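So the structure is just underneath, and the comments pick up after that.
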Amino acid sequence: MFLSKKILEKNNIESKNELYKNRNLFLLISDIISLPIFLYEAIYLSYIRNSFAIFIIIGITLLIISIYLILVKKNIELLITLNIGVLNLVLQFGLLIIISHSKFQVFPKTHYLLFAIFLSAITIIFMAVFSVKFYQYITFTLISFLFSLIFFVLNLKDFLKENIIMISFIVYIIFIIISYFVFKISKKLESLYEEKNILSKEYYNQKEFLKTLFETIPNPIYYKDENLRYAGFNKAFLDYLGKKEEEVIGRTVFDITEKDIAMVYNEKDMELLNSDKNIQIYEYKVKTKEGEKDVVFYKGKFYIDYNPYIVGVITDITELKKAKEEALLASKVKSEFLAKMTHELRNPLNAIMGFTEVLNFTNLDTQQKEYINYIQEASKLLLEMVNDVLDFSKIEAGKMTLKEEIIEFKRLLENTVDIIKIMAEKKSLRFIKNFQPDLPAYIEVDQLRLKQVLLNLLSNAIKFTEKGEVELSVKFKESYNKEDGFFTFSVRDTGIGIKEEDKNKLFKAFTQVDNTLTRKFGGTGLGLVISNFIVEKMGGNIQFESEYNKGSNFYFTIKLKYRN
């Protein structure tokens, strides 16, 4: 709902005021006409019988209060009630004048009783039409009955001579019943009128809100009818195209742009109209007053009287695409620089590692050998970092490719295990290999990259495990065509594990889950990123399960061709 509760309440009050507006005028005219008549009747009846004076005083008081309420515009329901009461008194006093003076009597007094009852009933029906409160309706029904009763008692002798009492009573009851149903219908009609008025105002307010919103949105917006003619648009749409309203309204896209572009728009619109989907998003170009622009169309389908319409919102992405291209170019330049730099660093590093290896075979004292070992360890770590940066720069530049070949699967696994077992023994860790017995003999894969992934996962497991064990598990499941199968590799450790809040950092470049780990274990934070990229290139995805201070399990499944 666009309207708040307060606005609806305000509209409801306005509806009632509008409903009663014409009644005030009617009641004022009625009081002005009734006043001289009432004064004349009051003076004449007081002259005939002193006992009528109390009714006259009450009547004049009600009339004065009624006029006052009209002028100050207060309590509309009380105002209507008073006026109908005054009208009833005027009519009843008129009858009293007629039956109190013989020269006014044209019909028998019994007929005047029926006439009095009729006037009382008409008054009650007036009250029903004016829809006063139910308790006011009942009160004035009784008052009207009371006046008729007074009229009857004052002329009791005349009425007892004829059988008019039962007839009068029946007539009165019939009028009461009719007036009750009129009262109910009037209330229902008033309620329906108020609801209609509220709904009408709400619809108008919603329409104004949507119109303002439509014009306020800075994006170009338009909508088309079932014949794909422009049925409406906002100012931003006209400004963007550099068109006038008469150049667009009621026209098709072929009338406002070039044919080759219009053909694509028309095809997309027809596709949306004939589709079960109500949303369509695509990227294309628009001919604007500033030239050709790259845009994204967000379109939806809706219905008016069962006829389909299309609404479209245009988002200009020209600057965004330009910025993206510039960023990609900058990233490519950076990656090429990193690739060249790391490639140039590898040669001197390999030379340092080679010469330190040769120095180990010369006559060195204990301290010199210790220094040589430090140099070798630092060189290996630096070479590992250089290789990671080189691989990452290849990934960013889109130059990392896989070279698949048929290899002996078990030899690959054993070579990997031989390297890792040495690392595990240095930390006194138990290494477990858990290979499925019926693994295929040969697989088709890039063995260097697969080995790189396994070594990275295993070396991380050993690096972050101080005691306990590290396990490499390999499982195989044959696919339906029996030419390829699903290979699941899993690396489990009993190391430090990963905190819940750090799990989302694992596969982000140059990031480790804890800065203290970076200082303690070193590394670029690229190993898992590179490994996951390689696995994704192979058709899989590295996943993990970890519990802090209990260990982790990294695993992935890839589909490979195999032979036995």
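The values are calculated or read from the model by the stated rules, or taken from the named source; none is laboratory data. Model, not experiment: these values are computed from the prediction. Virtual Cβ from ideal backbone geometry, glycine too; neighbours counted across all protein chains shown. Surface areas here come from the heavy atoms of the whole protein model, side chains and all, with no ligands, DNA or RNA. Shrake-Rupley method; radii C 1.70, N 1.55, O 1.52, S 1.80 Å.
Within the range 322-338, does at least one residue satisfy the condition of being within 30 Å of R229 (Cβ to Cβ) and of a type in the set (D, E, K, R)? No, every residue in the range 322-338 fails to be within 30 Å of R229 (Cβ to Cβ) and of a type in the set (D, E, K, R). Just a yes or no: is a residue in the range 190-207 closer than 17 Å to V311 by Cβ and either modelled with pLDDT of 90 or more or among the basic types (K, R) (or both)? Yes, there is a match, as at least one residue in the range 190-207 is closer than 17 Å to V311 by Cβ and either modelled with pLDDT of 90 or more or among the basic types (K, R) (or both).
Within the range 299-313, residues that are modelled with pLDDT of 90 or more have Cβ atoms under 6 Å from residues that are among the polar types (S, T, N, Q) in these pairs: K299/Q280; G300/N278; K301/N278; V313/N219, counting only partners at least 6 apart in sequence or on another chain.
Within the range 470-484, restricting attention to residues that are surrounded by 15 or more Cβ atoms within 10 Å (Cβ to Cβ) and of a type outside the set (F, W, Y), the residue that is farthest from E414 (Cα to Cα) is D484. Applying the condition of being under 24 Å from the mean Cα position of the chain (by Cα) and open to solvent by 90 Å² or more (accessible area, probe 1.4 Å) to the range 284-309 and asking which residue is farthest from L238 (Cα to Cα) yields Y303. Looking only at residues in the range 274-308 that are charged (D, E, K, R) and part of a strand (DSSP E or B), the one that is nearest to G242 (Cα to Cα) is K287. Among the residues in the range 400-414, are any over 19 Å from K475 (Cβ atoms), at pLDDT below 85 and of a type outside the set (D, E)? Yes, the range 400-414 has at least one match.
Just so you know, in the range 416-436 the residues that are more than 29 Å from E404 (Cα to Cα) and open to solvent by 50 Å² or more (accessible area, probe 1.4 Å) include one that is modelled with the lowest pLDDT, and it is K426.
Note on the range 340-384: among residues that are surrounded by 15 or more Cβ atoms within 10 Å (Cβ to Cβ) and of a type in the set (S, T, N, Q), the one that is modelled with the highest pLDDT is T356. Of the residues that sit in the range 233-256 and are of a type in the set (V, I, T) and in a loop (DSSP other than H, G, I, E, B), which one is most open to solvent (accessible area, probe 1.4 Å)? Among them, the one singled out is I249. Could you tell me whether K324 is over 26 Å from L213 (Cβ atoms), out of contact with any strand residue (DSSP E or B) (no Cβ under 7 Å at 6 or more places or on another chain), assigned to a helix (DSSP H, G or I) and without any contact (Cβ under 8 Å) to a residue 12 or more places away in the chain? Criteria met by K324.
Restricting the first member to the range 242-269 and to residues that are on the phi > 0 side of the Ramachandran plot, and the second to residues that are open to solvent by 40 Å² or more (accessible area, probe 1.4 Å), the beta-carbon pairs closer than 7 Å and six or more apart or on different chains are G242/K289; G250/R229. In the set (1) free of Cβ contacts under 8 Å to residues at least 40 places away in the same chain; (2) among the acidic types (D, E); (3) closer than 29 Å to F486 by Cβ, D446 fails one condition alone, (1).
For the range 540-554, the candidate set comprises residues that are in contact with an Asp or Glu (Cβ under 8 Å, 6 or more places away or on another chain) and open to solvent by 30 Å² or more (accessible area, probe 1.4 Å); within that set, the residue that is nearest to R449 (Cα to Cα) is N553. Of the residues I420, I395, I407, the single one that is in contact (Cβ under 8 Å) with a residue 40 or more places away in the chain and assigned to a strand (DSSP E or B) is I407. Just one of the listed residues (Y222, Y265) is touching a strand residue (DSSP E or B) at 6+ places or on another chain (Cβ under 9 Å) and part of a strand (DSSP E or B), and it is Y222. Restricting attention to the range 437-467, report how many residues are more than 25 Å from V529 (Cα to Cα) and surrounded by 13 or more Cβ atoms within 10 Å (Cβ to Cβ). Within the range 437-467, residues that are more than 25 Å from V529 (Cα to Cα) and surrounded by 13 or more Cβ atoms within 10 Å (Cβ to Cβ) number 3. Taken over the range 214-232, residues that are at pLDDT 90 or above and open to solvent by less than 30 Å² (accessible area, probe 1.4 Å) amount to 6.
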